Protein chains: 2
Amino acid sequence: MTQAARTRPAPIPDAANEDAREAGYAHAGTDQGEPARGEPAEAPHYDLIELLFFAYRDFVADPDRILAEYGFGRAHHRVLHFVDRHPGLTIAELLDILRITKQSLNRVLKELIEQGYIAQRTGTSDRRHRLLTCTPEGRALAQRLAGVQGERVRRALAEAGPALRDPASRFLLAMIEPGERAGVSRLIAGGDPARGDPAPEATP
Amino acid sequence: MTQAARTRPAPIPDAANEDAREAGYAHAGTDQGEPARGEPAEAPHYDLIELLFFAYRDFVADPDRILAEYGFGRAHHRVLHFVDRHPGLTIAELLDILRITKQSLNRVLKELIEQGYIAQRTGTSDRRHRLLTCTPEGRALAQRLAGVQGERVRRALAEAGPALRDPASRFLLAMIEPGERAGVSRLIAGGDPARGDPAPEATP
DNA sequence: CATTTATGTCAGTCTTGTTGACATATCTCA
DNA sequence: TGAGATATGTCAACAAGACTGACATAAATG
């Protein structure tokens with residue numbers, strides 16, 4: 001057993017310390033402190049804020065376990081995922097999606113290439129470009145990872161109601177920076193990340 | 001300008017490389033490859049998977065900017081947030097919420113205490129416990145951080161429809177590991193993280 | 001009094017992000 | 001054609017935040 005899981009067995013602490021809540025600078029529950037007379041300035045949606053934290057925490061835990069088998073991390077996952085979803089992606093496009101520096105990207109990308117999960121080709125119309133694609137191994141891993149995440153989503157919708165799919169999507173999209181939403185929508189719709197048009201089906 | 005934002009100005013790449021999609025191990029869009037005859041084994045919900053990634057990315061970007069002013073990071077934010085929400089929280093409870101090691105927690109917690117954002121008291125019924133509370137400064141910072149995240153949520157609901165609040169909550173809750181949901185629900189409802197009952201209002 | 005529990009701490013490692021500087025190949029435009 | 005801009009690659013250093021293992025102390029508990 002690792003140290004991350006402490007000595008205590010229960011997933012939720014079980015110490016029944018009745019006095020633990022004699023808070024000093026206390027406040028609790030629904031009272032949110034008046035911000036400035038006049039405007040009640042509604043309280044933050046603490047429920048959604050925290051649900052997003054916990055949901056994301058569990059959402060990435062599944063892939064993390066698989067990635068550990070390969071000696072990879074989350075950074076590798078993101079690269080593999082978007083390259084799998086968008087074969088022919090360039091470095092610049094990937095940088096734009098991931099919002100990290102090219103040095104950070106290069107480190108993990110180099111490993112994925114060296115270990116045969118991603119392949120590079122030189123662009124033909126612009127030979128400066130490096131077009132990234134997954135090898136069969138990379139594709140298999142990417143799909144295994146998407147599999148466990150998709151399974152969590154599938155189960156969530158099955159349990160909470162398939163009707164939630166659309167509202168959940170719309171909420172999450174609205175949580176994205178307004179200026180980015182169009183690009184993200186195109187990307188998710190399978191569109192070319194570089195342009196506005198739909199995905200040109202891979203030429204066979 | 002930093003290196004993270006590359007030379008190219010556009011948020012979405014603008015190179016019109018028409019040939020970029022002559023993929024090698026190509027696949028695209030909706031075809032998901034047959035998994036094993038018999039069961040069609042529905043494709044993963046790539047839309048929700050990716051929306052979660054992008055939404056979370058922007059969701060944490062707001063606090064990150066504020067935290068940088070104080071020389072703090074995301075780890076400090078999480079600690080501050082849950083201590084603010086649950087005054088009198090113990091170390092063990094916090095470890096259980098955050099799912100990190102005590103060493104990791106201790107590093108950031110020590111900084112928050114030394115710099116006067118969080119205060120510690122010894123438990124009275126169990127003097128081994130350290131009951132954590134925010135100082136006024138800690139509370140102010142915690143609320144400023146919750147403010148920007150709450151504002152994003154508020155705007156999302158205003159734009160995509162207030163009716164989404166409940167469906168979004170239910171979806172996110174369902175995305176959480178089943179065994180954890182009850183505890184998370186209690187926590188969010190303002191309940192004592194250690195027990196099953198509602199929050200004992202802070203004794204004045 | 002022995003053991004367990006809650007917490008603190010030292011020391012080292014890993015992943016993944018950052019900055020700054022510089023190199024190379026290729027494309028574009030005047 | 002040649003000057004610049006663009007796309008990529010790379011070296012070196014650094015920081016945050018996670019991890020591991022080991023050990024120390026105080027307090028509760030039987």
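The values are calculated or read from the model by the stated rules, or taken from the named source; none is laboratory data. This is a predicted model, so every value here is computed, not measured. Using ideal geometry, Cβ is built from the backbone for each residue, glycine included, and neighbour counts are taken over all protein chains shown. Side chains included, ligands, DNA and RNA excluded: accessible areas come from the protein's heavy atoms. Shrake-Rupley method; radii C 1.70, N 1.55, O 1.52, S 1.80 Å.
Of the residues making up the stretch B:153-175, just one is buried (at least 22 other Cβ atoms within 10 Å of the Cβ) and either aromatic (Phe, Trp, Tyr) or in a loop (DSSP other than H, G, I, E, B) (or both), namely B:Phe171. On the stretch given as the stretch A:158-175, residues that are within 18 Å of the chain's Cα centre (by Cα) and more than 7 Å from chain B (Cβ to nearest Cβ) total 1. Count, please, the residues in the stretch A:47-64 that happen to be more than 15 Å from DNA strand D (Cβ to nearest atom), more than 7 Å from chain B (Cβ to nearest Cβ) and open to solvent by 20 Å² or more (accessible area, probe 1.4 Å). Going through the stretch A:47-64 one residue at a time, the tally reaches 1.
If the condition is being within 11 Å of DNA strand C (Cβ to nearest atom) and in contact (Cβ under 8 Å) with a residue 24 or more places away in the chain, then the stretch B:125-153 contributes B:His129, B:Arg130, B:Leu131, B:Leu132. Within the stretch A:101-115, residues that are part of a helix (DSSP H, G or I) reach partners that are of a type in the set (Gly, Ala, Ser) with beta carbons closer than 6 Å, at six or more positions or on different chains, in the pairs A:Val108/A:Ala75. Remark: pairs (first residue in the stretch B:70-86, farther than 14 Å from B:Lys110 by Cβ and touching a residue at least 12 places away in the same chain (Cβ under 8 Å); second residue of a type in the set (Lys, Arg) and more than 7 Å from DNA strand D (Cβ to nearest atom); Cβ separation under 7 Å; 6+ apart in sequence or on different chains) = B:Asp84/B:Arg139.
Within the span defined as the stretch B:78-93, one or more residues are of a type in the set (Asp, Glu), in contact with a strand residue (DSSP E or B) (Cβ under 8 Å, 6 or more places away or on another chain), assigned to a helix (DSSP H, G or I) and under 20 Å from A:Tyr46 (Cβ atoms). Screening the stretch A:176-189 for residues that are surrounded by fewer than 18 Cβ atoms within 10 Å (Cβ to Cβ) and part of a loop (DSSP other than H, G, I, E, B) and picking the one that is modelled with the highest pLDDT gives A:Glu177. Restricting attention to the stretch A:118-143, the residues that are open to solvent by less than 80 Å² (accessible area, probe 1.4 Å), over 22 Å from A:Leu67 (Cβ atoms) and more than 11 Å from DNA strand D (Cβ to nearest atom) total 1. Checking each residue in the stretch A:70-95 for being farther than 16 Å from A:Arg139 by Cβ, within 9 Å of chain B (Cβ to nearest Cβ) and buried (at least 22 other Cβ atoms within 10 Å of the Cβ) picks out A:Thr90, A:Glu93. Return a yes/no flag: does the stretch A:106-124 have any residue that is under 25 Å from B:Ala55 (Cβ atoms) and within 16 Å of DNA strand C (Cβ to nearest atom). Within the stretch A:106-124, one or more residues are under 25 Å from B:Ala55 (Cβ atoms) and within 16 Å of DNA strand C (Cβ to nearest atom).
Only one entry in B:Leu67, B:Leu105, B:Leu112 is in contact with a strand residue (DSSP E or B) (Cβ under 6 Å, 6 or more places away or on another chain), more than 10 Å from chain A (Cβ to nearest Cβ) and open to solvent by less than 10 Å² (accessible area, probe 1.4 Å), namely B:Leu112.
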